């Protein structure tokens, strides 16, 4: 933990770490070899084992779906998820992995939505979406509207990381009021991405504008980042909110 403290700053820590109350992680990159996450089943198992030790029991894994980079679909995501569950069972790891995706709001997404080929999860048909970190898609509101009309409940992944909203917090409020859920990355609480992302994450918690949290884990080293985040004052405040992760059990 010494390395992480030096990296993120000791003032992030509270005296007594708060126990993790979240049993479901609804944003992760656990399926090997299909995006920028896990590279092998061994790494996937190591990542999951580390998170199970932190209290997680169920994982909704969300590989990237991007037009120009990751052309994943239910056809390759579901079988790989089934294989990973078989490996976990073989190794007696008490956890389950469920297939979904993290969809980039691009032209390809329009086609996927029209075809009804989205991997949603939960009773409200949740769908995790993301945008470029630097600029919003020109038809952002239209995407959200079309998802709602089609019966889905969109979740915006890691809103605290989108730099195009940093200049005006009202941009977050306007999106949040459009029937769009916000999912906070736990790593942001420790300043893993940037000081500004940490600041926005803390503001979202203060304003009660967080519906879900996720590890967004890509590699084994991120398990330590999750441990560090749980020692932050912001995490303690987060646990007081009505976070919906455990409704997905």
Suppose the Debye formula is applied to equal point scatterers at every Cα of the range 16-126; what is log10 I(q)/I(0) at q = 0.13, 0.21 Å⁻¹? -0.50, -1.13
How long are the semi-axes of the ellipsoid equivalent to the range 103-150, from square roots of 5 times the Cα gyration tensor eigenvalues, in whole Å, largest first? 18, 12, 10
Packing rank of 120-127, 181-188, where each peptide gets the mean count of other beta carbons within 10 Å, highest leading: 181-188, 120-127
Bin all alpha-carbon pair distances of the chain at 10 Å intervals from 0 and give each bin's fraction as a whole percent. 7, 33, 38, 20, 3, 0
Using R₀ = 35 Å, calculate the FRET efficiency as 1/(1 + (r/R₀)^6) where r is the Cβ-Cβ separation of residue 145 and residue 206; round to 0.05. 0.80
Give the percent of DSSP beta bridges with both residues in the chain that are antiparallel, rounded to the nearest 5. 10
Under the 0.36 nm per residue contour assumption, what length would be gained going from the current alpha-carbon distance of residue 49 and residue 94 to full extension? 15.3 nm
Could you pull the Cα extents of the range 203-249 along its three principal axes, largest to smallest, in whole Å? 30, 26, 14
Taking every eigenvalue of the Cα gyration tensor of the range 65-195, multiplying by 5 and rooting it, what semi-axes result, largest first, whole Å? 27, 20, 14
R0 = 25 Å: FRET efficiency of residue 107 with residue 83, Cβ-based, nearest 0.05? 0.20
Note the full-extension length gain between residue 75 and residue 134 as 0.36 nm times their separation in residues minus their Cα-Cα distance, in nm to one decimal. 18.2 nm
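Just so you know, all these numbers are worked out from the coordinates, no wet-lab data involved. This structure is a prediction, so every number in the text was calculated from the model and none was measured. Here Cβ is always computed from backbone atoms with ideal geometry, including for glycine, and neighbour counts include all displayed protein chains.
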